[in-house]
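**Q** Below you'll find the structure I mean.
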Amino acid sequence: FVRSTKHGVHRGMSSVTIPPPACMLRPLEVPFRYLFGPGPSNVPPRILAAGGRPIIGHMHSEMFGIMNDIKKGIQYAFQTSNNMTLAMSGSGHTAMECAVFNIVEPGESVLVAINGIWGERVAEIAERMGAKVHTLFKTPGGHFTNAEIEQALAKHKPVLFFLTHGESSAGLVHPMDGVGDICHKYNCLLLVDSVASLGAAPLLMDQQNIDILYTGSQKALNAPPGTAPVSFSERACHKMFNRKTKPVSYLLDMTHLSNYWGNDGKPERIYHHTGPVSGFFALRESLAILAEMGLENSWSHHTEIAEYLWKGLEDLGLKLFIKDKDLRLPSVTTIAIPEGYDWKELLAYIMKHHRIEFTGGLGPSVGMVLRIGLMGYNCNKANAAMALAALEDALKQCRKSKA
């Protein structure tokens, strides 16, 4: 406000009417938990330390060097030589929206395979931006044959086909061989979600002719949530950069993001947005850990621990939701809810008495499954044994209905 006195004009702040909240005058408290759900997973000390390094400017040359490292790390993790490879400033949903918003124009046809929550999300995103959305549908745990996919492509003639590689809501890893070839036969681009599967189950972007692939930082990569690797093939780039209309999102516009990541061939990077500097530090370190371990070692290790967990669950008399062992997602195991038990009570007991997070289903799989995730840093026999012991205890202690 402005106040006039005989000594002149005084400018000051108006009286503060909202007091400091009591909660903000107390120190931050965060409990320790074993995150054995579908993600986020526990972050190893090395990655936590990387995220705690001093901040540098998002446009500093050293930051661009770290971003270049991230790009190379993603190319290795995805097994791609695509130049248009980067990490989104946001969770996996950011990469999901980036792919749809940049590839598809209003009125164009999109085909979405729905066998869990992630297909549902992509269908809604595409619908919101004005695409004509067609769906292939299976109940949770179902997968699509190449013949079913080809029939739908021939019928709907979409510009984009979406398929989830690691459907974490159902615990299913989808076969990928041949799908990219079929899409290209019908002049369609293939978009794949590998948020729950990257680093845990084999996936080869270039060899399997995947046009757009994305993942999240917080699953088998073990970085904090908030960054999302994504890569676009040359075919995808041709479609993306020859649009008649601008993408609906400025923040996710690949014309700008390709420059920010040094992928557009221009000599200078121009400010677009402030990237999550600490998040990029952590992501860089997580990709370095994967490179040191080796992709094939990571895949086989996740399979070995998953098989140990599956046997232990069956020894407890529990039924695995995905019957076909080859279709089970190694990183997220789904268990059919044992008859007579309240699944929410089981989860609450395990959290209270063992400090372990398991989760129920998600989206269409709610009320059908319990989910146990052992990914990256969490993926070892000691943690699998701890998870089994906690579940065995809960099955003994929780009420079982007589119905």
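The values are calculated or read from the model by the stated rules, or taken from the named source; none is laboratory data. All values reported here derive from a predicted model rather than from experimental measurement. Neighbour counts are summed over all protein chains in view; Cβ atoms, including those assigned to glycine, are modelled from backbone coordinates with ideal geometry. Note: areas computed on protein heavy atoms with side chains; ligands, DNA, RNA excluded. Shrake-Rupley method; radii C 1.70, N 1.55, O 1.52, S 1.80 Å.
**Q** Pairs, please: C-beta under 6 Å, at least 6 apart or cross-chain, first residue at pLDDT 95 or above and in segment 276-289, second surrounded by fewer than 20 Cβ atoms within 10 Å (Cβ to Cβ) and not in a helix (DSSP H, G or I)?
**A** What qualifies is Val277/Ile55; Val277/His58; Phe281/Arg53; Ala282/Pro224.
**Q** If you scan segment 72-102, which residues turn out to be open to solvent by less than 10 Å² (accessible area, probe 1.4 Å), within 19 Å of Asp264 (Cα to Cα) and in contact with a helix residue (DSSP H, G or I) (Cβ under 9 Å, 6 or more places away or on another chain)?
**A** Ile74, Thr85, Leu86, Ala87, Met88, Cys98, Ala99, Asn102
**Q** Among the residues of segment 162-171, is there at least one that is touching a helix residue (DSSP H, G or I) at 6+ places or on another chain (Cβ under 8 Å) and open to solvent by 10 Å² or more (accessible area, probe 1.4 Å)?
**A** No, segment 162-171 contains no residue that is touching a helix residue (DSSP H, G or I) at 6+ places or on another chain (Cβ under 8 Å) and open to solvent by 10 Å² or more (accessible area, probe 1.4 Å).
**Q** The conditions are (1) touching a helix residue (DSSP H, G or I) at 6+ places or on another chain (Cβ under 8 Å); (2) surrounded by fewer than 19 Cβ atoms within 10 Å (Cβ to Cβ); (3) aliphatic (A, V, I, L, M), and Met351 fails exactly one of them. Which is it?
**A** With (1) touching a helix residue (DSSP H, G or I) at 6+ places or on another chain (Cβ under 8 Å); (2) surrounded by fewer than 19 Cβ atoms within 10 Å (Cβ to Cβ); (3) aliphatic (A, V, I, L, M) applied to Met351, the lone miss is (1).
**Q** Also, quick follow-up: Looking at segment 263-275 only, could you name the residues that are closer than 19 Å to Lys72 by Cβ and either open to solvent by less than 40 Å² (accessible area, probe 1.4 Å) or of a type in the set (Phe, Trp, Tyr) (or both)?
**A** First, the residues of segment 263-275 that are closer than 19 Å to Lys72 by Cβ: 263-265, 269, 275.
Asn263, Gly275, listed by residue number.
**Q** Now, a different point. Can you tell which of Glu304, Glu285 is outside the structural domain of Gly90 (by the TED database), within 24 Å of the chain's Cα centre (by Cα) and open to solvent by 30 Å² or more (accessible area, probe 1.4 Å)?
**A** On the way: Glu285 fails: outside the structural domain of Gly90 (by the TED database).
Just a single option satisfies the conditions, and that option is Glu304.
**Q** Considering every residue within segment 230-237, establish whether at least one is within 30 Å of Gly142 (Cβ to Cβ), of a type outside the set (S, T, N, Q) and open to solvent by 10 Å² or more (accessible area, probe 1.4 Å).
**A** For segment 230-237, residues within 30 Å of Gly142 (Cβ to Cβ), of a type outside the set (S, T, N, Q) and open to solvent by 10 Å² or more (accessible area, probe 1.4 Å): present.
**Q** Now a separate question. Taking segment 363-392 as the search range and keeping residues that are open to solvent by less than 20 Å² (accessible area, probe 1.4 Å) and among the β-branched types (Val, Ile, Thr), which one is nearest to Ser286 (Cα to Cα)?
**A** Of everything passing the filter in segment 363-392, Ile372 is nearest to Ser286 (Cα to Cα).
**Q** Run down Asn222, Asn187 and say which single residue is without any contact (Cβ under 8 Å) to a residue 40 or more places away in the chain and either open to solvent by 10 Å² or more (accessible area, probe 1.4 Å) or closer than 30 Å to Glu62 by Cβ (or both). Explain how you work it out, then say what you get.
**A** Numbers: Asn222 fails: without any contact (Cβ under 8 Å) to a residue 40 or more places away in the chain.
Testing whether each residue is without any contact (Cβ under 8 Å) to a residue 40 or more places away in the chain and either open to solvent by 10 Å² or more (accessible area, probe 1.4 Å) or closer than 30 Å to Glu62 by Cβ (or both) leaves just Asn187.
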